[in-house]
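Rule-based calculations on the coordinates, nothing more; no lab input. As the structure is a prediction and not an experimental result, all values here were calculated from the model. Here the Cβ positions follow ideal geometry from the backbone for every residue, glycine too, while neighbour counts run over all protein chains shown.
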Amino acid sequence: MGVILFGLVLLSLAIWLGLLYFWGQFWRLDQQLEVTETPLKSLPVVCAVVPARNEAELLPISLRSLLLQDYPGSLDVFLVDDRSTDRTANFAEGVAHAVGKPQQLHIILGESLPPGWSGKLWAVEQGIKNASKLTPDYFFLTDADIEHDVSNLYRLVAKAEQENLDLVSVMVRLRCESFWEKLLIPAFVFFFQKLYPFRWVNNPNHPIAAAAGGSILIRKQALERIGGIQAIRQALIDDCALAKAVKKSGEAEIFSFPASPFGFGSLDSTGTAKTPTSSPRLPISVSSPTGRIWLGLSTLTRSLRPYNSLTTIWDMIARTAYTQLNYSPLLLLGTLVGMSLIYLVPPVGLLLGVVWGNWAITFTGLLAWLLMTLAYYPTIRFYKCSFWLAFSLPAIAFLYTLMTVDSALRHWQGRGGNWKGRVYPNPNNL
């Protein structure tokens, strides 16, 4: 038993060494929008699209921050009232008049949700359709619960223009005030960055793509190139689906040339290896100027959405966790094994090593736990939480694992994807 446990702890340690050194430096928080600010040489036309379903309580803050952006170019806001029952549209009009910007706000009364669409994306589609009449250069897709820093849009546009990006997105600063928020919200950001290392997302030659739905600036031509919002109309994790579509649209063309006599095969358009033929060919890629995306963190723009209890955070994760696994039981099993090996084995090894008096297991488990804590600490510091919370990652990971299992159970019971009174089925079954 001791030999098996030592092997597991040693494997966990090796995984953490690999993650820290070879997994896109995901733990570093160096991809931030506010790090640099570049003067704009031109002023592109921007149309903001805000899907809003029963958001009257937050609009006096979120919509006000959007209408008062210091962006010197043309900015119009299209708020789509997604069949709200709390007078969202009336509150929005009141906010626009209160800040003296009624001419900049366009309220769209949402139509009934058609089959095959998620509610949010259907609202975004309607907003974009109306905003397109103004022939904007960019669409600014943002949520109704985001309080924007006054220069957020300016920085997004400057980033896109300076680096010729098709999509720029920031993960806004999530609310982290209650006990459960401090315990679980920084870990949400940490796990997201581990799943989608921002450096790899921002590398045009790397296939990983992601975005954060609260604040996305997308070039109009890029949206048209992927077939519009309709191309991802069923996506529940819509931000990452949009980023993936944009980045994939700019993939380099693959040209084949005769290979050396070493017998290498060739790759098809998806990167899958083909069986070598009598005349093997090697792929050579040519970089493309389109499809470039960027994702980073924001220290100033923040989410207003409160998560004051374990239940609210649990529901947020369980809503899409199984979707992230593509509704695959095998991926679910792999996730359970992986989470246990990476996060739970080190503290278990440490404790059992002490009990058994096996110092090899104890030391290895402690070292793996310390590496885990070291990786998590920058996120804890970013959210200004207690240093000691960095050591709680194993317990946090255990809770997230339970949430993922619950997400699968909800899906199998027909309750998956529940958001604001709507339950969305597995799109693979449609």
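What to note about this one:
- Counting only alpha carbon atoms, the long axis of helix 310-324 and the longest principal axis of the chain meet at about 80°.
- Charge dipole (segment 1-143, unit charges on Cβ, about Cα centre) - positive-most of P115, V95, V49: P115
- Between T311 and W356, the FRET efficiency from the beta-carbon distance, with R0 = 60 Å, is close to 0.95.
- Average Cα contact separation per residue, segment 314-367, under 8 Å, 6 or more apart, as relative contact order %: 24
- Packing-based exposure ordering (other Cβ within 10 Å, fewest first) of K129, K101: K129, K101
- Size descriptors for segment 1-97 (Cα atoms only): Rg and Dmax, in that order, 24.1, 71 Å.
- Mean-position separation - Cα centroids, segment 219-249 and segment 8-53, in angstrom: 19
- On Cα atoms only, tilt of 238-249 relative to the major axis of the chain in degrees: 90
- To the nearest ten degrees, helix 359-382 and the longest principal axis of the Cα atoms of the chain are 10 degrees apart.
- Along the axis of the charge dipole computed for the chain (Cβ charges of +1 for Lys and Arg, -1 for Asp and Glu, origin at the Cα centre), the listed residues F198, W369, I396 are led at the positive end by W369.
- D406/F179 FRET efficiency (R0 22 Å; Cβ-Cβ; nearest 0.05): 0.60
- Remark: for residue pairs K41/K133; K120/K248; K41/K244; K159/K244; K41/K247; K220/K248, the C-alpha separation exceeds 21 Å in K41/K133; K120/K248; K41/K244; K41/K247.
- Within the chain, the proportion of C-alpha pairs whose separation exceeds 29 Å stands at 52%.
- Within the chain: Cβ-based charge dipole about Cα centre, in debye rounded to nearest 20 (Lys, Arg +1; Asp, Glu -1): 500
- For the chain, relative contact order (Cα pairs under 8 Å, six or more residues apart, normalised by length) works out to 20 percent.
- Euclidean distance of C-alpha centroids, segment 326-403 and segment 293-324, integer Å: 21
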